[in-house]
Amino acid sequence: HLEESIRPYIDLIDTLRSAGIHKDLALPTIIVIGDQSSGKSSVLEALSGVPLPRGSGIVTRCPLELRLKKVEGGVSWKAVLSYNDKKNEFVDSSSLETRVHEAQDELAGKGVAIRDDLITLEVMSPGVCDLTLIDLPGITRVPVNGQPQDIGSQIKRMIMKYIEKQETINMVVCPCNTDIATTEALKMAQEVDPDGKRTVAILTKPDLIDKGTEKRILRIVSNEVIPLRKGYIMVKCRGQQQIDDNISLEESADMERDFFQNHEHFSCLLQEEKATIKSLAVKLSQHLVDHIKKSLRQLNEQIKKKLWDLRNELKECEAGPPQDPRGAKKFLIQRNPGRHEKSPLHPIWLASFGSN
Ligand code: GDP
Ligand code: NA
Ligand code: MG
């Protein structure tokens with residue numbers, strides 16, 4: 001029922017992205033943004049059931065597309081990691097973290113630089129929700145050793161490029177133990193989506209909250225402070241101690257439910273479906289599919305326009321270059337296949353027109 005209606009939409013967009021369409025057209029996507037260490041990877045980990053690279057400092061250096069596919073029977077767990085022309089399959093998750101690191105090193109170079117090249121991780125399991133999200137580098141202010149002075153603005157530029165598109169759902173991750181209203185990521189989302197139509201906020205680390213701030217946080221979750229149409233959801237993930245104690249993701253989900261059930265202030269969020277990773281997964285799938293449905297007409301228009309432009313260009317190509325050398329040179333320069341990447345005109349072409 002629900003799943004059958006969701007999967008085809010998500011598959012359509014995933015397939016278009018695989019074909020590289022996102023370089024020309026904006027595709028509906030969920031983008032995960034937040035300050036460094038706000039809990040982005042922990043949330044993605046809990047959603048996917050896969051341990052992801054995480055820790056302090058800059059861990060996500062390239063956009064990571066996480067495609068979650070619910071499969072029934074047969075496969076118990078399978079993952080495929082792809083980037084550039086490489087594809088690696090995994091049947092258990094133990095080496096995954098290392099392989100994502102290797103992929104980043106290959107794309108962005110060893111060290112601490114960031115780069116806007118997509119790494120795709122497809123996870124097939126009966127235990128996941130149908131969902132595709134893209135994790136971006138966390139916002140940071142202070143460059144760490146070896147990072148360029150402007151790393152902060154580099155990261156913000158990359159984030160902006162993704163979230164300013166109308167086709168993007170902005171999933172903003174904010175820890176409960178900070179001043180949510182002044183979170184940089186939320187401010188950026190507000191800038192590009194002032195009405196909060198396509199922004200959803202995830203409040204993390206409710207167990208680390210400052211005593212006495214519970215009421216204010218409840219007002220935020222109830223949409224009374226910064227109203228967002230897609231609202232707020234509070235989640236509790238594994239803290240460092242629980243990771244060190246080898247608490248599994250399943251155990252952590254049970255602990256999350258107990259935490260909210262027994263919480264003096266936040267237990268009400270359970271009934272309202274504004275708490276837990278599980279509600280988050282269900283809501284995100286629904287948001288994504290609604291968003292894809294809404295975007296399909298625009299996508300169709302965009303494709304038609306592209307096609308029209310390309311047909312015109314093809315006609316001009318068929319007519320061939322003009323007779324005079326100068327006109328011919330201009331014609332060829334305009335049709336240099338590498339012109340979008342600002343690559344130089346092929347030396348052979350240049351040579352054939354001399355140096356004028
Ligand atoms: P990212 O940099 O935004 O990807 O953040 P991480 O997911 O790496 O999390 C940063 C730290 O916060 C890690 O040590 C996590 O274990 C911890 N953390 C994440 N979520 C929670 C939570 O709900 N409660 C607690 N106590 N710690 C959390
Ligand atoms: Na981190
Ligand atoms: Mg991270």
Exercise. Looking at Glu89, is it out of contact with any Ser or Thr (no Cβ under 8 Å at 6 or more places or on another chain), in a strand (DSSP E or B) and not aliphatic (A, V, I, L, M)?
Worked result: yes
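Residue by residue, here is whether (1) outside any loop (DSSP other than H, G, I, E, B); (2) out of contact with any helix residue (DSSP H, G or I) (no Cβ under 7 Å at 6 or more places or on another chain); (3) over 25 Å from Asp195 (Cβ atoms); (4) open to solvent by 60 Å² or more (accessible area, probe 1.4 Å) holds:
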residue: Ile233; (1), (2), (3), (4): yes, no, no, no
residue: Arg238; (1), (2), (3), (4): no, no, yes, no
residue: Glu251; (1), (2), (3), (4): yes, yes, yes, yes
residue: Phe260; (1), (2), (3), (4): yes, no, yes, no
residue: His291; (1), (2), (3), (4): yes, yes, no, no
residue: Lys304; (1), (2), (3), (4): yes, yes, yes, yes
residue: Lys315; (1), (2), (3), (4): yes, yes, yes, yes
Problem set entry | Pair list, Cβ < 6 Å and 6+ apart or interchain, from the range 30-57 residues that are under 20 Å from Ile114 (Cβ atoms) to residues that are modelled with pLDDT under 85 and open to solvent by 40 Å² or more (accessible area, probe 1.4 Å) | Ser41/Arg54; Pro53/Glu97; Gly57/Val144
Exercise. Looking at (1) open to solvent by 70 Å² or more (accessible area, probe 1.4 Å); (2) over 28 Å from Ala281 (Cα atoms); (3) in a helix (DSSP H, G or I), which is the only condition Thr98 fails?
Worked result: (2)
Problem set entry | Those residues of the range 172-221 which are assigned to a loop (DSSP other than H, G, I, E, B) and closer than 26 Å to Glu264 by Cβ, in sequence order | Cys176, Asn177, Thr178, Asp179, Thr183, Lys205, Ile209, Asp210, Lys211, Gly212, Thr213
Exercise. Name the residues in the range 317-326 that are on the phi > 0 side of the Ramachandran plot and open to solvent by 80 Å² or more (accessible area, probe 1.4 Å), would you?
Worked result: none
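Determine, yes or no, whether Arg229 is open to solvent by less than 70 Å² (accessible area, probe 1.4 Å), touching a strand residue (DSSP E or B) at 6+ places or on another chain (Cβ under 9 Å) and more than 16 Å from ligand 1 (Cβ to nearest atom).
no
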For this session: Quick one: Glu256 ticks every box in (1) open to solvent by less than 40 Å² (accessible area, probe 1.4 Å); (2) modelled with pLDDT under 90 except a single one, so which number is it?
Result: (2)
Exercise. What number of residues within the range 7-45 are open to solvent by less than 20 Å² (accessible area, probe 1.4 Å), more than 16 Å from ligand 3 (Cβ to nearest atom) and either closer than 19 Å to Ile180 by Cα or not in a loop (DSSP other than H, G, I, E, B) (or both)?
Worked result: 5
Exercise. Got a sec? Which of Arg7, Arg61 is more than 16 Å from ligand 2 (Cβ to nearest atom) and either touching a Cys at 6+ places or on another chain (Cβ under 7 Å) or of a type in the set (Lys, Arg) (or both)?
Worked result: Arg7
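Looking at Asp135, Asp116, Asp105, Asp85, can you tell me which residue is under 25 Å from Met160 (Cβ atoms), among the charged types (D, E, K, R) and out of contact with any Asp or Glu (no Cβ under 9 Å at 6 or more places or on another chain)?
The unique qualifying residue is Asp116.
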For this session: Inspect the range 195-212 for any residue being farther than 24 Å from Arg157 by Cα, free of Cβ contacts under 8 Å to residues at least 24 places away in the same chain and surrounded by fewer than 20 Cβ atoms within 10 Å (Cβ to Cβ) and give the result as yes or no.
Result: yes
For this session: Pairs only if they're at least six apart or on different chains, beta carbon under 7 angstrom, first in the range 118-146 and closer than 14 Å to Leu66 by Cβ and at pLDDT below 85, second open to solvent by 30 Å² or more (accessible area, probe 1.4 Å) and within 16 Å of ligand 1 (Cβ to nearest atom); list them, first residue then second.
Result: Val128/Gly49
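The values are calculated or read from the model by the stated rules, or taken from the named source; none is laboratory data. Remember, it's a predicted structure, so these values are computed and weren't measured experimentally. Every residue, glycine among them, receives a Cβ derived from its backbone with ideal geometry; neighbour counts consider all protein chains shown. Just the protein is used for accessible areas: all its heavy atoms, side chains included, with ligands, DNA and RNA removed. Shrake-Rupley method; radii C 1.70, N 1.55, O 1.52, S 1.80 Å.
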